[in-house]
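Just below is one structure, and these are the notes that go with it.
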Amino acid sequence: MSPQNSVSFENLEKVALLSDIHANYPALQAVLEDITFRGINVIWLLGDALGRGPYPVEVFHWMQETFFKEKNLIVIGNHDEWIDKEGGRPVGGDANPMFVASDMLEYHELSQIPDFFDWMEKIPVECWAAVDSSYQFFLRHEYFLNSPKEVCYPWTRNVIEENMNWLVHQKSQQVNVMLLGHSHIPMLCLQTGETIESRKVIPFRIYFLNESKNWIINPGSIGYPIDRDTRASYGVLDLKSGTYQLIKVTYPLDEVNNKIVEKKYPQSIIPQLLSAPLPSSVPYDWLDHFDAVREVKESHG
């Protein structure tokens, strides 16, 4: 499949939603094993496969093997662009120095791959995907309608409202779903009538998409979660049953941390991976929620 901004599929059953891998290959491997276990063979990646982590080459080779074929979709993230176009330096120069240092190390590794830059140039910023006559998905890593730019966290109501209003004005007869990454925090928002609700998502619980015609979904981060849950996070769309599920997967953190030390990446990344700290802007009710669900495991009974 060549890169394009609008695609349509028929008879699509299950889709794995991945985002913010951040060159954490052991976390990605654990998620891919879980995806296979669940019988899913379609992957949509919402950006930032690269940046921050110590396994850029392994993750890039996986990207090459996976995307622009079958029904898999990919959009580019801000770290992906910084590494591809800016040598690892962020546009505007306002990023965390720890991440700038790691992205520049990744750039040095990836620039040795002959087709790296040509391949990255193919990745679109956004993509529309229609499924049968039932769903219309809008994929983008980050979507800023407001100024100044503000991250779309599940508690930033003004940003959610702006994004939801934009989605509603697409006037589709299908179920509209905006799929975002970037925040590293799982999010599930819906509009019913004039009311916009940001659900406090519980891992492994099944949510029915027929509750609303307009949704915003963020599956969280695979390689760099910041919701006080160190597990890799991804989402599953079951379009046959019309449901969404947030999945959490454990992976060998020690292996990643040892690789950070071995490759001389900034060691200040390690405590971030070990604690997955929330942003300072998080309200107390959301803090309580994330504390309550970080130990939730899947029930097989």
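Bear in mind that the values in this text are calculations on the coordinates, not laboratory data. Remember, it's a predicted structure, so these values are computed and weren't measured experimentally. Cβ sites come from the backbone with ideal geometry, for glycine too, and all protein chains shown count toward neighbours.
Given +1 at the Cβ of Lys and Arg, -1 at the Cβ of Asp and Glu and no other charges, the dipole of the chain around its Cα centre is 420 debye to the nearest 20. Between Val151 and Lys122, the simple label model (points 7 Å from Cα in the Cβ direction) yields a spacing of 3.1 nm. Cross-link reach is defined here as a Cα-Cα straight distance under 28 Å, omitting same-chain residues fewer than 8 places apart; for Lys71 the lysines meeting it are Lys14, Lys85, Lys122, Lys171, Lys213, Lys240, Lys248. Mean-square fluctuations from a GNM of the chain, with a 10 angstrom spring cutoff on Cα atoms, peak among Glu126, Glu162, Glu194 at Glu194. Calculated from the structure at hand, volume of the Cα convex hull per residue in Å³ is found among (i) 129; (ii) 176; (iii) 151 as (i). When both bridge partners sit in region 6-293, DSSP labels roughly 60% of those beta bridges antiparallel. Can you compute the label reach from Thr195? Point 7 Å from Cα along the Cβ direction, backbone N cut-off under 17 Å, restricted to region 152-175. The answer is 161, whose backbone nitrogens lie closer than 17 Å to the label point.
By definition, a body whose alpha carbon gyration tensor gives a ≥ b ≥ c is prolate when a/c is 1.5 or more and a/b is larger than b/c, and region 1-133 fits this prolate description. When region 150-223 is described by a simple charge dipole with +1 on each Lys and Arg Cβ and -1 on each Asp and Glu Cβ, the residue from Ile206, Val175, Asn163 located farthest towards its positive end is Ile206. So if we plug the beta-carbon distance of Tyr284 and Asn210 into 1/(1 + (r/R0)^6) with R0 = 35 Å, what FRET efficiency do we get, rounded to 0.05? So the FRET efficiency works out to roughly 0.60.
Within the listed set Ser268, Ser221, Ser233, the residue fluctuating most in the Gaussian network model of the chain (springs between alpha-carbon atoms under 10 angstrom) is Ser268. Assuming charge only on the beta carbon of Lys and Arg (+1) and of Asp and Glu (-1), the dipole of region 11-81 about its Cα centre is about 160 debye to the nearest 20.
With the highest mean first, a sort of the peptides 16-22, 282-288, 135-141 on other beta-carbon atoms found within 10 angstrom per residue produces 16-22, 135-141, 282-288.
Placing pseudo-labels 7 Å out from each Cα toward the beta carbon at His300 and Gln267 gives an inter-label distance of 3.9 nm.
Fully extending the segment from Ile113 to Ser6 would add 35.6 nm, taking 0.36 nm per residue of separation and subtracting the current Cα-Cα distance. So how strong a dipole does region 101-204 carry about its Cα centre when Lys and Arg Cβ are +1 and Asp and Glu Cβ are -1, to the nearest 20 debye? That gives a dipole near 480 debye. Between region 121-193 and region 219-233, how many Å separate their Cα centres? Rounded to whole Å, the Cα centres lie 20 Å apart. The GluC sites (Glu not before Pro) found in region 31-71 that occupy coil by DSSP, while having at most 14 further C-beta atoms within 10 Å, are Glu70. Rounded to the nearest 500, the helix-only mean residue ellipticity at 222 nm of the chain stands at -9000 deg cm²/dmol, with each DSSP H run of n ≥ 4 adding -39,500 (n - 2.57).
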